[in-house]
Each structure stands twice: as structure tokens, then as C-alpha cells.
Amino acid sequence: MKIEQTSSAKLAASCARWLLILAAIVIAIAPPSGAQTSDPNQDYLVIIPHTHWEGAVFKTREEYLQVGLPHIMKVLDLMKAYPDYHYTLDQMAYVRPFLERYPNQVPLFKKLLDEHRLEIAGGTVVMEDENIPSGESIAHQYLLSKSFFRDRLGYDVHTGWGLDTFGHNAQMPQILKLAGMDSYWFQRGVSDPLTPSELTWQGIDGTTISGHWLAVGYGPFDEHQPSFHNFESTIRSSFDSLTPFWHGKGRELFSGADVSDPDELLPPYVQQWNNTKSEPFSIRLGTPSDFEALRAKNPYDKPVVIGDLNPVFQGVYSTRIELKRWMRDMERTLTSAEKASVLAGKTSTADREAIEQAWEPMLFNQTHDLSSGVMLDQVYEDVLAGYRFSKKVGDQILGDDLDTLLAKVDTEGPGEPLAVFNFLGWSRSDYVEAQVGFSEPKVEGIQLQDAAGNSVPIQVLRTNSAGEGKFNTATIAFIARDVPAMGYAIYHVIPVVEGVAPQAMPAEKQPEPVHSQYSATNRNDVGTMENEFYKATVNLWNGEMTSLILKKNQWEVLSKPGNIVAKEEDRGDFWELYGTLAGDRLTSEKRLIGLPRPDATQWSNNYIGGGTDVTPGPVMTQFASSHPFGKNQFETRVRMYPGIQRIDIHTEIVNEEPMVRYRVLFPTTIHDGTNTNEIAFGAVVRPTHQEFPAQNWADYSAGGHGLTILNRGLPGNNVTDDTMMVSLLRSTRLEVYGADDSGFDPAKASESDTALEIGKHISHDYALVPHDGSWQDAQVYRSGLEFNNPLVARNIDAHAGSMSKTWGLLKVSEPDVVVSALKPSRDGEIALRVYEAAGQAVHHATIHFALPLSSAREANLIEDPAKTVQISGNAISFDLHPYEIKTFRLKLGAQ
């Protein structure tokens, strides 16, 4: 924290500063001293001036720009005054507004970049979180940012920059390399506190990248020194603190911190230091690439750090949990809109730019602080406004593109046509809900017919009464079978009208349903629900699941009742579970996060409610329970479907208590299992007894079987004592934070109180996949994507068309080759991205396209085309290493 000076001290410091500036100007116009090229045998320190621009946290995006943009202007002025001055900027969301608002400065900006005195690091829209956003979000961070800098400045970013990011997933080395990065500079996450600052980081696919761990932080030298004497003392102590982490000559020291003002005294102080012959080392002002070039002259064997750099600040995985749900929903919407554009043949520059416009606010909200939920209330409202804008634009693009595609499809047939879309890369059967309406009078029932004319079972969930037991609109549910990959299937909704015999239709071949018995608390205390895969027993009074059996081998999954929610006392702040922020934390946390403490916990199954029941049906069997939970309200709903190996759970909590935490628990019969979490484009084994951020799924397996928990925007996952847990929400607020240039005013701590989640009705979606064998055998990576990408139903008018009633764009030969992106690229081409999801090498994988394929080239993450890929019969073939990511640039013909 800063110590305020007295008025006289401030005046004295100001006078001294101006005298030094005048002296510096004299030095600057004199011939260069040559201090930057000192004795090659002398040790040296490279000071890297920078500022970490906060995208938004204690101020809004625009408020931080009002503070930060003058800093860039000051940097340019200092560079004109001092030929040896260097500076590093980061984040497109910071630099782009400067270039747009001050176009007269662009020529100078470009000149300084060309001279390598100014460097742009990061290559991302913001300094993004690397754990909660999806792999596609991280890929789009690099794509939008690097493309902008190339197009606007002719500049290519090569320095990865995660200075303030709260941990780093183990797929980042490959992502960084595919984005064209030569190195990665970061502050947090190494396991060993004695890790050398210069290292090689190896990812889960084997890719390595040069790493620079900032062992003393990114802002150790962030104060404007009031005198050269203070500067000299600070530099000596800083050099000494760096020495244990460096091998051979050379150290780097960052000058600057959060939204920090460039120090105009730094250049003259450096020259004065170097002009003093008695100093033990020289100082150079430089950029990250300058330092890397100097260190490359004396190479040595750097230690290799392998895999995950987590966890850091475990409280952020469930703080302001609704923002995590927003993020996951928008990732689905925007990637689906991209895919729909390709399916509709909309691959022009305008189509691509329209989707990128929707991506930008969502990507901005993935900055490490916003993704983590650690912001004041006014910023929280700004974040929601950004998400709403992305949703509005994304929904419009998706809807327009689906309408364009459907205009070509033959939708003629009985009743009203209903299209069901599958935006994943494999044919799938899954649950669908659809809103349907009829103009006919006296509709008393509904039939559903598939594209082949077969009858499909439905359940009517809700109706809008038209009087006399009739209805004109309804919500129906059904299981859509075998919807093609990246394609659609047309169904027909046929009203049953009073006095008219229902249409006779052949029955579609369905999985044989297992009918659960209806049970309710008016007659029963327990109920059962089952399909051909699972049988669950539930307590009708308190909502707990007392048994879950995998029928194939009669394996009991639960050792104790599951789907129980624990409400724990949690006096932690935004960042930390049960405690307050240690903001200077540089290594991954080892503090154990165990089971809820009995003395500080209430349990959902300690409360009961009447009116609970198990309701069977032809499409799903549902268990629903609702009851008070102390001062709060608790509801849970469990669903099973015929033919689907997944148990869906929807839990809603109305929280009325501050400083508490909710977790759902599933105690398993697995002993000493392996805890595997999905990360961006892959999966990693992690320790137990700690909370980690999982993408769509977490798996715990041993002895030939396992349990996978799927989540939809619930990243906080933990396994302790063979119990799987998912964090549902935290009620917390900003407690303490040092006053600094980032804009935090301690008096405004109460302006974070919406994070207490008081009175909010927050829903949580998760699912269970008990399985035989390993998680790879069960293909849970597919289950996770299916859960997060439900089939999309869309009403359409009946008309003739050239396209058939069922159609899919592609077929992938191998189940573990996941198509993560299909999107408009440049020059009218499309980008197709795949990755290997099971950690197993794939040879001769094939993707066959239903449209003519005229060209195919491999590409990097920025979609720069490289070597040509041979085409055979509208198909491409390729190999993949375990967890390898590949992007292709393709040119497809029209339908």
C-alpha cells in the first residue's frame, strides 16, 4: 500500500523531479553515452518498462481507458525524448482504442514498433483467464487480436503474456505455439518456489515453449523513486532478490504495475547508474524480446516444467457463478452461429466480421478478473451488458443463418414442420424441447412424425389453454434419434383435432423404455427411476439420491446418499475459499480443500418438503423435490431418458444468507481413484483434496469403472475421500485489497454486495455418467459437449426444397477426433479445427464432406494457411498425436 507524503515532502519531491527531468533533457540531446552497450563481461540487468492495463475490475472498461490511454501518449513522448527508452504494451482492447481515437499518432507508433523500441505482447484481446473459458474462446482471443495488429499495423505479436492470470492450463504451450508465440511470460502457478525464472514449459501433447516465470512478480519496481539514491538502493536489492532464480549473466526486472503511469525519471536514472563506473552491473532498458536475444547468446539447459500450473485463487471458480453460466452459454451460441454460417454458405468477409463483432464483448469479459467475478457492482452490470449485446447479435446471426439453410430444405409433409439441428461433429440422439403452435380450433392432442414418416413418442410439458380442455400452443419433449453431424433432421408436428381420427403412422424403432412407477409423498417415502442403463432410488421427502446402480454389472455407484447440497460458512473474499487474498501469491496452492466441516455446515437433506414425486413418461422419467433449506429455498430435478447414457440434474437455490458456500456432493464406492479434469482441448490428471477448474467434465475412476460429473458453467470441482463435489455458488464480497493505481478505493468495498447473491434465483445444471472402463472408453468428452450443446429446435414453414429432410455436412471416422470449430475464415474459405480428446494417437483419421471440397490446407490457430492437404473423394485424412490440435483451411462448393 502507498504511504501518503506530507505537503512539504510532495513539494520537495516535485522540485527534485523537475530538476532531474531538465538534466535528463540535456543528456538526451547530447551524443549517446554508449551505456546500453557496456562491457560484455559485466553482468547486466534489463529493466522492462510496462503497464498492466486492467480491462475492468474496480472501474469499468471505459473508465480504465480514460486512465490508461494518456499513459500510452506519455510513452510516445518519452520515446521521442530518450532514444534508449523501451516499453511493452499488451491487450488489443487497450491498444486498439488508442489507435482509433488518436489516428495522428499511428505513424509514430508504427515507427517505434519497427525500431523494436516499442513492443506489443500477449496477442490477445485481453489478458484472459486460461482455465474457465473454453479452448475455442482462447483460440479466438489470439485470432481476433493478432489479425487486428497485422491488418492495422503490419505487426506480428510473438511474445505470450499472462502476467496476472490466475493459473495456466496444461494445453497452453501448444496453443501458444500454434498462435505464433515464441515465449510465454507469466507470474503465477509453478509448483516449486525455487523454480528458475527461465524454464521450458511442456504441455500435455508434448509441445514445449520457452517460459519466463516472474519469480518476484510483474510489479516489484513500480514506484516512482523520489531520488537517485532511492533508485540505486531499490535496484541493488532487486538484483539480489532475482539472483537465486537465474543462471549466468543477466537478470530482468519489470518496471510498472496495474494501470501504472510511465516513470519519466527512469531513463535519466539508468544513464546516471551506467555512468557510475563503480556499479557492479549495467542496466539496460529493453523489451521481452530484447532480453531473450541477450540471454540466447549464453544458452544453458533450462529445467522443464510439465503440465498444469494450477490451482491459484480457488475461490474464483464459484464467485459470481452466474457469469460462468453466461460465458458457457455464449460460447455455445457463438460457435453455433459460426457453424450455421458455414452450413448456410455465408462465408464472406462481412459474415466473418459480423460474428467477430459478437465475439469481442464476450472475449473482453474473459479477462482474468471478470471471468473470476472479482469486480465491483457497477462493473458487474457492465459485464452483463456486454454479454447481452453478444447474445443479441449471436442469436440474430444464428437465426438468420438457420432460416437461410432451411429455405433450401424440403419441409413438406403433414402438420407443421420442425427442424432439429446438431452442431457437433458426430451423429447423435438426445433430448429436445420445442414450442409448437396451431391455428386449428379444438386441438386436443399432438402427434410427432420423423423424416421417414415414423411416429415418435412425445411428452407434453406445458400447454396454453384454448378453453374446454383444448390448447393452441404447447411445449413438447421428445428424443431426436440419429441427427446427422453438423446437420439437421426435419420432424412434423401433427395436431389431433376433436372429432378427427388421429393419423395412423408406423412406429419408429425406439429403445425399449423401462417404466418407472409413479410415486409421491402422499403414499410413498422412496421412489425409483430407471432406464436401460441406470436405476436410481430417491428419498421423496428430502431429495437425496440414496442409490445409483449401473445395470450392466450391478455396480453401486454411491457409498452414501448423493445429490446432497452442503451450505457452509465461508468468510472468504472474492479470491480465496474461507480466507482473504494473498495477492502476491506466485506459486500454485497446496492448501487442502476437504469435505464440508460438520460444525460449519447445513445439509439439504436435513429439510423436507411435501408434494415430491417421481413421474414416469415415454420420453423421460422425472424426480422433482422442493423444500426450505434453512433461510433459503432448495429445488432439485433429476431426469432419465430412454437410450441416453446420462442423468440430468437441475438444481435451483434461492440464497438469503451472506458469506456462505454451496457444494453438491456424490460420495462414491470408488477407492483411491484417478481424478481427471477436462481442460481446453484436452484433459489432465489432478490431485485430490483440492479444488480445480474443470471445463465440461470431471471423472473419478478406478477398478474398471468410474463416475463422470458433467457441468454447464460450474468449473469448481474437487474429489476428497472418494467424494466428488461441484461448487454451485459462493456468497461473498470484496473484503480487503491494497490501494493502488488500479482504481480500488477501500471505502467502496460495500459496492460489491451483489456478489452476496442475496435473493437471487440461481439455477445450476450438472449431469451424471456412471460408466464401465475408463473415461476414454466411455467417451465422456462427447457426453460433456452434448450436455453443453443441446439439440436446437426451430419452427419453419412447409415448402419444397432441393435439400433432403435429413442432412449432415461431415462424417468423422474416429470417435476421439472432436470438431471444435467450423467457421468463416478469409478469402471465402472456412476454418475447421479438430483435436484429439482421449490422449491417444490417431492414425489416418478421415473427414468426409457432403459438399464438393476443392482445396484443403493445414493452418495455425490464426488460420494462416500452410502445406496442402491431399483430397480424395471430398475427404481429407490426417494423423493426430495425443491431444494434438489441428486447424484446416478449406474451400467448399455450394449445396
Hey, if we sort 597, 284 by accessible area with the 1.4 Å probe, largest down, what's the order? 597, 284
Rank-order 144-151, 765-772 by packing density, defined as the average count of other C-beta atoms within 10 Å over each peptide's residues, highest first. 765-772, 144-151
Taking amide hydrogens as modeled 1.01 Å from N in the peptide plane, which residues meet the under 5 Å criterion relative to residue 252, leaving out close sequence neighbours? 46
Taking the Cα centre of each part, how many Å lie between region 32-101 and region 103-138? 12 Å
Mind checking the dipole of the chain: about its Cα centre, +1 per Lys or Arg Cβ, -1 per Asp or Glu Cβ, Debye to the nearest 20? 780 debye
Enter the angle in degrees (range 0 to 90, nearest 10) between the Cα long axis of helix 266-275 and the first principal axis of the Cα atoms of the chain, meaning the one along which they spread out most. 40 degrees
Counting only protein heavy atoms, what percent of the accessible surface of the chain is carbon or sulfur at a 1.4 Å probe? 51 percent
If I fit a long axis through the Cα atoms of helix 135-153 and take the longest principal axis of the Cα atoms of the chain, what angle between them do I get, 0 to 90°, rounded to 10? 50 degrees
Nearest-10 value in Å² for the accessible area of residue 168, using the 1.4 Å probe: 0 Å²
Could you give the accessible area per residue of region 50-182, probe 1.4 Å, as a whole number in Å²? 26 Å²
Under 5 Å from the placed amide H of residue 726, counting only residues 5+ away or on other chains, we find 664
Count charges around residue 668 for me, please; just the other residues with Cβ under 13 Å from its Cβ, Lys/Arg as +1, Asp/Glu as -1. -4
Output the 0 to 90 degree angle, nearest 10, between the alpha-carbon long axis of helix 7-29 and the longest principal axis computed from the alpha carbons of the chain. 80 degrees
Accessible area in square angstrom per residue, region 776-895, 1.4 angstrom probe: 40 Å²
I'd like to check one number: the per residue accessible area of region 302-423, probe 1.4 Å, reported in Å² as a whole number. 28 Å²
Centroid-to-centroid separation of region 661-708 and region 383-450 [C-alpha atoms, Å]: 35 Å
Computed about the Cα centre, the charge dipole of region 175-281 from +1 Lys/Arg and -1 Asp/Glu charges at the Cβ has a magnitude in debye, to the nearest 20, of 360 debye
Set 111/297; 346/391; 146/867; 110/891 screened for pairs whose C-alpha atoms are more than 23 Å apart: 111/297; 110/891
Less than 20 Å from a label point 7 Å out along the Cα-to-Cβ axis of residue 762: which backbone N atoms in region 580-614 qualify, by residue? 580-581, 593-597, 600-605
Only Cα pairs under 8 Å and at least 6 apart count here; give the relative contact order of region 106-161 as a rounded whole percent. 43 percent
Would you rank 301, 129, 797, 261 by solvent-accessible area, highest first, keeping every protein chain in place and using a 1.4 Å probe? 301, 797, 261, 129
Using a Förster radius of 25 Å, what is the FRET efficiency between residue 233 and residue 194 based on their Cβ-Cβ separation? Nearest 0.05, please. 0.45
Computed over the Cα atoms, what is the radius of gyration of the chain divided by 2.2 N^0.38 Å, N being its residue count? 1.02
If you average the C-alpha positions of region 315-381 and of region 814-832 separately, how far apart do those two centres end up, in angstrom? 19 Å
Relative contact order (percent, whole number), the chain, Cα cutoff 8 Å, 6+ residue spacing: 14 percent
Suppose a student asked you for the relative contact order of region 519-591, using Cα pairs under 8 Å spaced at least 6 residues apart; what percent would you report? 16 percent
Largest-first ranking of 498, 884 by accessible area, probe 1.4 Å, whole protein assembly kept, is 498, 884
Out of 832, 233, 300, whose Cα points farthest toward the positive end of the dipole of the chain (charges: +1 Lys, Arg; -1 Asp, Glu; placed on Cβ)? 832
Please list 3J(HN,Hα) in residue order for region 394-408, calculated via the Karplus relation 6.51 cos²θ - 1.76 cosθ + 1.60 where θ = phi - 60°; whole Hz, with x for glycine and proline. x, 4, 5, 4, 4, x, 5, 5, 5, 5, 4, 5, 5, 4, 8
Over the heavy atoms of residue 700, what accessible area does a 1.4 Å probe trace out, to the nearest 10 Å²? 10 Å²
Nearest-20 debye value, region 367-464 charge dipole, Cβ charges on Lys, Arg, Asp, Glu: 120 debye
Would you kindly find the accessible area of residue 185, with a 1.4 Å probe and non-protein molecules such as ligands, DNA and RNA excluded, rounding to the nearest 10 Å²? 0 Å²
At a Förster distance of 56 Å, what's the computed FRET efficiency of residue 241 paired with residue 404, Cβ-Cβ distance as r, to 0.05? 0.35
Cα lying deepest toward the dipole's positive end in the chain, options 578, 373, 617, charges on Cβ: 617
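The values are calculated or read from the model by the stated rules, or taken from the named source; none is laboratory data. Remember, it's a predicted structure, so these values are computed and weren't measured experimentally. Quick reminder, even Gly has a Cβ in these numbers, built from the backbone with ideal geometry, and neighbours come from all protein chains shown. Surface areas here come from the heavy atoms of the whole protein model, side chains and all, with no ligands, DNA or RNA. Shrake-Rupley method; radii C 1.70, N 1.55, O 1.52, S 1.80 Å.
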